[in-house]
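Read the figures in this text as sums done on the coordinates, not as results from a lab. As the structure is a prediction and not an experimental result, all values here were calculated from the model. A quick note on method: Cβ atoms are made from the backbone with ideal geometry, for glycine too, and the neighbour counts reach across all protein chains shown.
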Amino acid sequence: MRQQDVILGQLAETVTDLIEPVIPYLVIGSKKAAEEARKKAGPEVWAVKKKLWEKLFSRDRPDLKEAAGDLVIAPSDPEVKQVLIRAIMNSFEKDPDLAKEISSFMEDEIIQRMLLEQRTRAEDGSVQLIIQNSSEKTRVLEEFNKLLEEFTAKNNTVSTAHDLEQLEAGQGKEETMEKALDFASKIQYGDLRSQALSLIVPYLKGPDKVKLIEKTLYSTSNIQDEDERARVLSSLVPHLKRQGKEEIIEDILDFSPHIQYGDAKFQILSSLVPHLEGSGNEELMEKALEMAAGIQSEFLRVQALSLLIPHLKGQRKEEIIEEALELASNLKDKDMRPQALSFIILHLDETRKKELFEKALEMATRIKSESRRAQALFSLVPYIGGSEK
């Protein structure tokens, strides 16, 4: 359940990032606003983002529209943006079919390119979706895109039996992919390099897949920006099959001491956890626990530990449960304690589950801030039925 929350949260954040630059025009919804958006963003970009907006807001969800409207009023307030992300995530939780539809929509190659261009432009508040940096950056990105398009063309074109044989043998494709990977690894701009590497990862296939991913991993270690590095690292493991997966996970975990920011560590760890299922590798689990221990934010550390608990056994599992409970019960921000405790409730026996739920509920009802009290109570809703058993 918690792993699914992480996935839905990442999807909601990506959706918000995509529509954020044009939210004022989407919220206004007038013909004049649409015309202005088309001029600034471009007809194709505006059409895609408007379509995404209609998919999300065609449902009767006034809280979504309210949160989007608040972001128009306070576009630079990160907390307001988080409210919109949470509202979108709630829509996905209540409507799994919507989540699947949006997830499929976001995988489109055109949208992925839009995200790339949007994230690599200068942060000047402009809604234009082109790279605003130097002409050299533009040239580098264009050259890389040509390589990627060349690979995609070879990957998708099968006109004869001979072409099919070459496709199955990997002839031509692997050489082009190596060329694109070498080019991406040598891009001097950290933001472009990380985005280029992230684009390559889904295409890594064939017998040399693990080797290519390892090359991507070590190239990523040179990226200075922590968030950019985390984005690439967290995109690696989902594209691996069972063979070689644990080695890559171990390599990624070994990089964790070099990552300074806790939110980046949490992002990477949360992306790795689903792939630890059935591992049974105690050494790997200890490295994952070490990574969690290095997260500075105690709240995020509790959440990270809660993700790892299902993959632990015996005495070690009990130790981590107690450690997480101790952390959650003593957070400096008392208003966050109920939500932190909610991460652990799921992993307790029925007696302790009831006791902890009642403790967290009492804490939540004492929170003075209405919005924070509502957030705390919402986190406990999934356990209401269980507490009455």
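Under the shape rule built on the C-alpha gyration tensor, where the axes satisfy a ≥ b ≥ c, region 26-90 is prolate, since a/c reaches at least 1.5 and a/b is greater than b/c.
What ranking do 351, 365, 14 get, fewest neighbouring Cβ atoms within 10 angstrom at the top? Please list the in-between numbers first.
On the way: 351 8, 365 11, 14 16.
The fewest-first ordering by Cβ neighbours comes to 351, 365, 14.
For a quick check of your reading of the filter: which trypsin sites (Lys or Arg not before Pro) in region 342-373 sit in a DSSP loop and have no more than 12 other Cβ atoms within 10 Å? Provide the component values of the computation, followed by the final result.
Values: sites: 352, 353, 354, 359, 366, 368, 372, 373; in loops: 366, 368.
For trypsin sites (Lys or Arg not before Pro) across region 342-373 that sit outside H, G, I, E and B with at most 12 neighbouring Cβ atoms in 10 Å, the list reads 366, 368.
Figure the gain on full extension for residue 322 and residue 182 (residue separation times 0.36 nm, minus the Cα-Cα span) and round it to one decimal in nm.
Values: separation 140, 0.36 × 140 = 50.40 nm, distance 4.65 nm.
Using 0.36 nm per residue and subtracting the Cα-Cα distance, I get 45.7 nm.
Neighbour counts of C-beta atoms inside 10 Å place 73, 213, 320, 28 in the sequence 73, 28, 320, 213, starting with the fewest. Could you tell me the center-to-center distance, by alpha carbons, between region 328-389 and region 87-111 in angstrom? Each part's Cα centre sits 28 Å from the other's.
Peptides 266-272, 178-184 ranked from most to least packed give 266-272, 178-184, packing being the mean of other C-beta atoms within 10 angstrom over each peptide's residues.
For the residue pairs 81/245; 186/245; 40/146, the C-alpha atoms sit more than 29 angstrom apart in 81/245.
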